[in-house]
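Working notes, structure below.
Please treat every number below as a calculation from the coordinates, not as lab data. Note that the structure is predicted; figures quoted are calculated from it, not measured. Backbone-built Cβ (ideal geometry, glycine too); neighbour counts: all protein chains shown.
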Amino acid sequence: MPAPAAYDVLSAYQNIHQIVLKQAEALDDAQLRWKPENYSTSIGFHLRHLAREADYLKAAILEHYPALGPDFGAATQIWHAEKLAEKWGLKTSRARCVCLLPVVTPRSAGGSSV
């Protein structure tokens with residue numbers, strides 16, 4: 001396995017994603033729109049944000065470790081592939097999303113560039 005840590009991260013995200021989906025499917029529209037008092041964002045907003053982050057992270061990791069593709073799919077964000085922002089009528093930005101965590105490669109960690 002060329003990148004066991006990346007494999008473990010993707011595997012954990014897959015498992016968590018399935019749990020979140022199962023819980024979210026049990027919510028009706030009113031529950032998805034509900035917000036705690038004095039908060040500006042709903043449960044549905046946070047679920048979409050969580051899904052978007054997972055989508056971005058999966059694609060970013062697979063872009064850096066393409067050998068993991070057979071187990072996790074293409075290094076493509078569903079958000080872009082299915083043009084979800086456009087379909088949902090959301091404003092989009094031309095700005096590229098920047099990963100907040102540095103991606104450590106063997107070379108940047110001081111190892112060989114195998």
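Quick notes on this one:
- For the pair D28 and K87 in one chain, pulling the backbone fully straight at 0.36 nm per residue adds 19.1 nm over the alpha carbon distance.
- Per-peptide packing, taken as the mean over residues of other Cβ atoms within 10 Å, places 72-80, 21-29, 51-59 in the sequence 51-59, 72-80, 21-29 from highest down.
- Three-way shape label, the stretch 4-87, alpha-carbon gyration tensor, a/c 1.5: prolate
- Dipole in debye (nearest 20) - the stretch 1-97, about Cα centre, beta carbon charges: Lys, Arg +1; Asp, Glu -1: 380 debye
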